[in-house]
1. How far apart, in nanometres, would the label points at residue 164 and residue 59 be if each is projected 7 angstrom from Cα along the Cα-to-Cβ direction?
2. Can you count the Lys pairs in the stretch 56-183 with C-alpha separation below 24 Å, eight or more apart or on different chains?
3. Which percent, nearest 5, of DSSP beta bridges in the chain are antiparallel?
4. Evaluate the distance, in nm, between pseudo-label points positioned 7 Å from the Cα of residue 72 and of residue 174 along their respective Cα→Cβ axes.
5. Can you give the net charge of the other residues whose Cβ lies under 13 Å from the Cβ of residue 20, counting K and R as +1 and D and E as -1?
6. Please compute the contact order of the chain in relative form: average sequence separation of alpha-carbon pairs under 8 Å and at least six residues apart, divided by the residue count, as a percent.
7. Taking the chain as a Gaussian network, where each spring joins two C-alpha atoms under 10 Å apart, which residue of 134, 25, 87 fluctuates the most?
8. Could you tell me the ratio Rg/Rh of the chain? Both radii from Cα atoms, Rh via Kirkwood.
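We did not get these values from a lab; they are worked out from the coordinates using the rules stated. Values in this document were obtained by computation on a predicted structure and should not be read as measured data. As a convention, Cβ positions derive from the backbone with ideal geometry for all residues, glycine included, and neighbour counts pool all protein chains shown.
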Amino acid sequence: MSDSHFEVRRATEKDAAELAHLGEVTFTETFGHLYPPADATAYITRAFTDKACLEKLADSRMAYWLAHAESEPAVGFALAGYCKLPVPNLEPTAGELHQLYVRAGYQNQRLGTLLFDAAVDWLEARYAPLYIGVWSENYGAQRFYGRHGFVKIGEYGFPVGKTVDREFILKRSSRTAASTVKR
C-alpha cells in the first residue's frame, strides 16, 4: 500500500530492532512529557524492546505494519491482533488495534490513515468486533477513531511505570459501522 511518497508494508521478524527503536522514539515524542522519566523508561523498556517486538511478530494472532517515507527508515507503525483490553464479557473473536504511532515530523500527511487502513483490513479478515484503547486526553485520536465508527464503551487504567492513565475503550461492531467515514 502506498500514497505518493509513503509506503506501508507488513513488518517481518527482521524489522524487530527498527520497530523497537521507532516505538521508543514515537512514544517519547508523543507522550514522554507526561511522565516522570523513570515511569517513561519503565514502560519503554517493557513495551519497545527487540525481544518484545520479536515475540509479537512471531505470534500469528498479531501483525505489525511499518510506514516508510520513500527509501528512508520507518516513520510510523501499527500493531494489531487479538483483543487484550479489560472488556467485560469480551467476545472470543474480538480484535484490537494495539498501537498506532507516527513520528512527529510526519504527522498530518495521511500516514496514520494508511497504517490504520492496513491494520483494520487485516483485523476485519480475522476478528470481530474491533476495539481500541485510547488515552482519555488524546482528543485528536478519539475524533479520528470516531470518524471510523468507533464509540466509547468503557474505561480502564493503563500503567506507564507507576503512573496510571485513564484510557477509553472504543468499539466498532462491524464494517457497516464504518461506512459513513468521511476522508
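1. Roughly 2.3 nm, to one decimal.
2. Lysine pairs, 8 or more places apart or on different chains, close enough: 8.
3. That works out to approximately 90 percent antiparallel.
4. Here the answer is 4.2 nm between the modelled labels.
5. -2
6. Relative contact order, the chain: 20 percent.
7. Between 134, 25, 87, it is 87 that shows the largest mean-square fluctuation.
8. The Rg/Rh ratio comes out at 0.93.
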